[in-house]
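J.: Next up is a structure, given as structure tokens.
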Amino acid sequence: GDSVTQMEGPVTLSEEAFLTINCTYTATGYPSLFWYVQYPGEGLQLLLKATKADDKGSNKGFEATYRKETTSFHLEKGSVQVSDSAVYFCALSERGQGAQKLVFGQGTRLTINP
Amino acid sequence: GAGVSQSPSNKVTEKGKDVELRCDPISGHTALYWYRQSLGQGLEFLIYFQGNSAPDKSGLPSDRFSAERTGGSVSTLTIQRTQQEDSAVYLCASSPLAGGANTQYFGPGTRLTVL
């Protein structure tokens, strides 16, 4: 079945550091790819998404590019802030009919120190 | 506009009791999903409703779990004879349309603790 693998956390960085959180996927079809973020005490919210190969999703300074050849969707940000501290989830959703459930990675906890 | 709401926000129950968890999706959203977030299993899909179609129950972990969606809007997830391993945060999400490219909007969750 479909699966998503994220780099293990926790990840601790200093403010203004460069961030990469790796995400790779296995899917039978041609999925859409997502990054969701869960800030402390809050619910899951969409950070960015990409629906076809070579698409780049971006939001709040974060970017991720859908790489079909490497089945990857790595999350990057050039200069992190303390407010970026959260748990980040990579996810996929298959196209087609029926339930388009999200399949999530295990999550990566990110802590940014001032 | 209003987002997805869930109630209660916290529920503590004794092993063997039944519980009901409620989800109010975003108005006009036709697709509704339930997920479970637990320490050991991460985020898992439970069940999906889309319009008047039969729900996809493929993620329900046992026959103690059931869900319904009344009038294409509010949904209730019921867990009968709760067990300690049912302790988790239960998340509801809705989406304006079916289809894998559509964003799912999540509620704040119900934290269930089974003693």
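The values are calculated or read from the model by the stated rules, or taken from the named source; none is laboratory data. For clarity, every value in this text was computed on a predicted model and none was experimentally measured. As a convention, Cβ positions derive from the backbone with ideal geometry for all residues, glycine included, and neighbour counts pool all protein chains shown. Heavy atoms of the whole protein, side chains included, go into the accessibility calculation; ligands, DNA and RNA do not. Shrake-Rupley method; radii C 1.70, N 1.55, O 1.52, S 1.80 Å.
J.: Just to verify a number: FRET efficiency for A:Thr26 and B:Ser53, C-beta to C-beta distance, R0 = 35 Å, to 0.05?
T.: Working from the Cβ atoms, E equals 0.80.
J.: Pulled fully out, how much extra length does the chain show between B:Asp63 and B:Leu115, if you take 0.36 nm times their separation in residues and subtract their Cα-Cα distance?
T.: Working it through step by step, the gained length comes to 16.7 nm.
J.: Provide A:Ser83, B:Ser5 ordered by accessible surface of protein heavy atoms (probe 1.4 Å), highest first.
T.: Putting A:Ser83, B:Ser5 in descending order of accessible area: A:Ser83, B:Ser5.
J.: Length gain on complete extension for the stretch A:Ser3 to A:Asn113, per 0.36 nm per residue less the alpha carbon to alpha carbon distance?
T.: Contour length minus Cα-Cα distance gives 36.5 nm.
J.: Under a GNM of chain B (C-alpha, springs under 10 Å), which listed residue has the highest mean-square fluctuation: B:Ser66, B:Ser58, B:Ser27?
T.: For chain B, modelled as a Gaussian network with Cα springs under 10 Å, the answer is B:Ser58.
J.: Also: May I ask for the longest run of chain A untouched by GluC sites (Glu not before Pro) that are loop-located per DSSP and have at most 16 neighbouring C-beta atoms (other than their own) within 10 Å?
T.: Between the exposed loop sites, the longest stretch runs A:70-114.
J.: Scale the Cα Rg of chain A by the rule-of-thumb value 2.2 N^0.38 Å and send over the ratio, two decimals.
T.: Normalised Rg, Cα atoms only: 1.03.
J.: Keeping every protein chain in place, order A:Ser14, B:Ser7 by accessible area at 1.4 Å, biggest value first, i.e. largest first.
T.: Sorted by accessible area, descending: A:Ser14, B:Ser7.
J.: Still on this structure: Spin-label point model (7 Å from Cα, Cβ direction): what's the B:Glu85 to B:Gln41 distance in nm?
T.: For the pair B:Glu85/B:Gln41, the computed spacing is 0.8 nm.
J.: Using Cα-Cα distances under 8 Å and only pairs 6 or more residues apart, what relative contact order does chain A have, in percent?
T.: For chain A, the relative contact order is 37 percent.
J.: Something else about it: Give the distance, in whole Å, between the Cα centre of the range A:9-61 and the Cα centre of the range B:56-77.
T.: Spelled out, the Cα-based centre of one part sits 29 Å from the other.
J.: Note down the magnitude of the dipole of chain B about its Cα centre, charges +1 on Lys and Arg C-beta and -1 on Asp and Glu C-beta and zero elsewhere, to the nearest 20 debye.
T.: 120
J.: Using a 10 Å Cβ count of at most 16 others and DSSP loop calls, identify the longest part of chain B lacking such trypsin sites (Lys or Arg not before Pro).
T.: Free of exposed loop sites, the longest segment is B:18-56.
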